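Since the structure comes first, as structure tokens, the remarks are kept for the end.
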Amino acid sequence: MKAFTYSRASSPAEAAAEAAATPNAKFIAGGTNLLDLMKLQIETPAHLIDVNGLGLDSIEPTPEGGLRIGALVRNTDLAADARVRRDYALLSRALLAGASGQLRNKATTAGNLLQRTRCVYFYDPRQPCNKRAPGSGCAAMGGVARQLGLVGVSESCIATHPSDMAVAMMALDAVVETIGADGISRRIALQDFYRLPGETPQIEHDLRPGELIQAVILPPPLGGAQIYRKVRDRASYAFALVTVAAVIQPDGSGRLAAGGIAPRPWRVEAADAALPQGGAEVSAALLDGARPRPDNAFKQPLLARTITAALAQAREMQGKEMMS
Ligand SMILES: Cc1cc2nc3c(=O)[nH]c(=O)nc-3n(C[C@H](O)[C@H](O)[C@H](O)COP(=O)(O)OP(=O)(O)OC[C@H]3O[C@@H](n4cnc5c(N)ncnc54)[C@H](O)[C@@H]3O)c2cc1C
Ligand code: SF4
């Protein structure tokens, strides 16, 4: 690990101002991703700003009837919150499908959104990787792409976003609230937060230099049957091959986001519109323009089947509700 300096910020505004004024500074929250990357010298910050003491660890109701989740709320606490379990059950399920209990006790809401890809070549400094070393090439193009993406990808990078939580938040139309180096807050819809790789896969999101995530805001509860399904190579402690987060209303309408297929949690208007038609149609809309590779083409039928299973699960839940 490269030597670095360390400070604790005393307010969100101070943290953002310090990060913007200090060359090569990074925030550290739970550290469950950043520290691993630092040990491998994939991330080499010169200065770490610890944001754990900023008081951003509460979940509060919003005036609109939604929830404001502080950036430092731990994944375990968010999954267990009674309001989240009752009104945003897919979010609770997505969180519990990720990592392990120990990791979730440390991992934070903002850190989870900003975790880096799990492309194996990104984690291997001997391999070319445009995301880690811009312009060096992409080892995944001629390598093993089983875990990697097929839609929204580019010639420069085919990595996927690894977060389970973010897929559920995308289905819920979550909004990211930040504070900038100038002390001014702004709100960014999660749908606009992540960038596609294009020719600059090293730029992954819309945050400005020094900008700190303060909270994630959930709109008022949507009701409906709330589903999160994760398909992975082993039953626990594994990143997704394909995930589906869905909120399905009794009339079959709803909203759906998918993970494991794209550089960001993937939500497409046409896919939501196709929900009453069935899994194959929704999947086709999500995968419009897909560029599968020989060893990840299996994700196309897998996604269709996972959506079909999610829709059947929603119908079953609604049937049980009508009976009770
Ligand atoms: C073995 C293992 C298995 C895992 N499995 C899964 C899984 O199945 N599903 C899943 O979704 N995740 C999984 N994870 C990832 C885990 O969820 C993330 O590492 C965690 O959520 C990151 O949160 P953190 O608070 O520790 O972030 P950190 O490591 O502290 O930070 C991550 C990034 O976020 C930035 N950051 C942190 N807070 C802020 C803020 N407030 N504003 C701006 N930037 C900020 C940091 O600078 C850093 O760049 C796994 C991790 C491990 C190690
Ligand atoms: S897919 Fe992206 S992260 Fe993986 S090696 Fe290629 S450029 Fe790097």
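The values are calculated or read from the model by the stated rules, or taken from the named source; none is laboratory data. All figures in this text were calculated on a predicted structure; none of them were measured in a lab. Cβ atoms come from the backbone with ideal geometry, glycine included; neighbour counts cover every protein chain shown. We work out accessible area using only protein heavy atoms, side chains counted, and drop any ligands, DNA or RNA first. Shrake-Rupley method; radii C 1.70, N 1.55, O 1.52, S 1.80 Å.
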Of all residues in the stretch 59-73, count the ones that are open to solvent by 50 Å² or more (accessible area, probe 1.4 Å) and either touching a residue at least 60 places away in the same chain (Cβ under 8 Å) or of a type in the set (D, E, K, R) (or both).
3
Would the stretch 164-178 turn up any residue that is at pLDDT 95 or above, away from ligand 1 (no atom under 16 Å from the Cβ), closer than 21 Å to Gln191 by Cα and under 14 Å from the mean Cα position of the chain (by Cα)?
yes
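Here is a yes/no grid of residues against (1) β-branched (Val, Ile, Thr); (2) in contact with a Phe, Trp or Tyr (Cβ under 8 Å, 6 or more places away or on another chain); (3) open to solvent by 10 Å² or more (accessible area, probe 1.4 Å):
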{"position": "Pro162", "(1), (2), (3)": "no, yes, yes"}
{"position": "Ile184", "(1), (2), (3)": "yes, no, yes"}
{"position": "Gly198", "(1), (2), (3)": "no, no, yes"}
{"position": "Gly210", "(1), (2), (3)": "no, no, yes"}
{"position": "Ile217", "(1), (2), (3)": "yes, no, yes"}
{"position": "Gly223", "(1), (2), (3)": "no, no, yes"}
Out of all the residues in the stretch 76-97, which are open to solvent by less than 40 Å² (accessible area, probe 1.4 Å) and touching a Ser or Thr at 6+ places or on another chain (Cβ under 7 Å)?
Leu78, Ala79, Val84
On the given criteria, is Tyr237 farther than 28 Å from Pro23 by Cβ and assigned to a loop (DSSP other than H, G, I, E, B)?
yes
Set Gly98, Gly111: member being small (Gly, Ala, Ser) and closer than 24 Å to Leu256 by Cβ:
Gly98
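For the stretch 164-177, give me each residue that is under 24 Å from Ala16 (Cβ atoms), touching a residue at least 60 places away in the same chain (Cβ under 8 Å) and surrounded by fewer than 24 Cβ atoms within 10 Å (Cβ to Cβ).
Scanning the stretch 164-177 gives a single hit, Glu177.
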Taking Leu303 and the conditions (1) under 26 Å from Thr200 (Cα atoms); (2) surrounded by 23 or more Cβ atoms within 10 Å (Cβ to Cβ), which numbered condition does it fall short on, given that it satisfies the others?
(1)
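When you scan the stretch 100-109, do you find a residue that is more than 13 Å from ligand 1 (Cβ to nearest atom) and in contact (Cβ under 8 Å) with a residue 40 or more places away in the chain, even just one?
For the stretch 100-109, residues more than 13 Å from ligand 1 (Cβ to nearest atom) and in contact (Cβ under 8 Å) with a residue 40 or more places away in the chain: absent.
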